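A quick write-up on the structure given underneath.
What follows draws every value from the coordinates through simple rules; no lab data is involved. This one's a predicted model, so the numbers in the text were calculated from it and none came from an experiment. Because the Cβ atoms are built from the backbone with ideal geometry, glycine has one as well, and the counts that use them run over all protein chains shown.
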């Protein structure tokens, strides 16, 4: 086996040969970097979830430095959330009553459609509705630019409440966002007729990210490297949700431990879509949100040959 120059051949030769033998692998099918990555994942899943030392860690640290990108201050990115209870839609309807109902009533009054006593009762109820504390909060939120969730609701879940995700362990809150609005929407896998809040976020400073967003078939730094395999794992669709994210969670934790602000990777649902993970959500606050309605989903497919 021909190992890359960055490896300790004395260690890896025996390890990889044993891994291939134990798992009935065929060394001629893949390059050696593939088996190095597969062995590393196998160690995480079955031997030790929390590495303090491992021969692949120095390699990863070096390659992180070579594959960084900046997310400049003020860059617009997006985060989407489904309004499961349709509360935002109800809020929007209430807000519209403030603006349009008085005009409609005036028109009815002029035409004599509404009897005067009923009109008086309605105006009294309308005035109570308009001046209520709840209505004023809705009005202030929407007029501040948040037709969808407010700034807090558009950010990452509160600490301790987040479920396990592609990059975060359960209870650890990272901000998941996307470069494109349609990618952010697709990533939450909504259904037709869902109401969705789409927030606009902007970094408050330049953020340094480890970049996994590239075409896996390309070479990295002029050579085939295990970054290709890492990228595939980040972009893989999680179907079973039974430990599929363990590997990417570890890589994200290592990236965070080394002082980077986050990472980016290619979407598994949108061709050429880019996803961002920001470790400190306050670095990228929401500046506005809108409420949309998913009316249609299109699938592009081809027959297997």
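Using the Cβ-Cβ distance between residue 62 and residue 18 with R0 set to 41 Å, the FRET efficiency works out to roughly 0.95. For the pair residue 93 and residue 45, label points projected 7 Å from Cα toward Cβ lie 4.8 nm apart. Full-extension gain between residue 180 and residue 280, please, as 0.36 nm times their residue separation minus the C-alpha to C-alpha distance. Separation in residues times 0.36 nm, less the Cα-Cα distance, equals 34.0 nm.
The label-point distance for residue 125 and residue 257, in a model that sets each label 7 Å from Cα toward Cβ, rounds to 6.3 nm.
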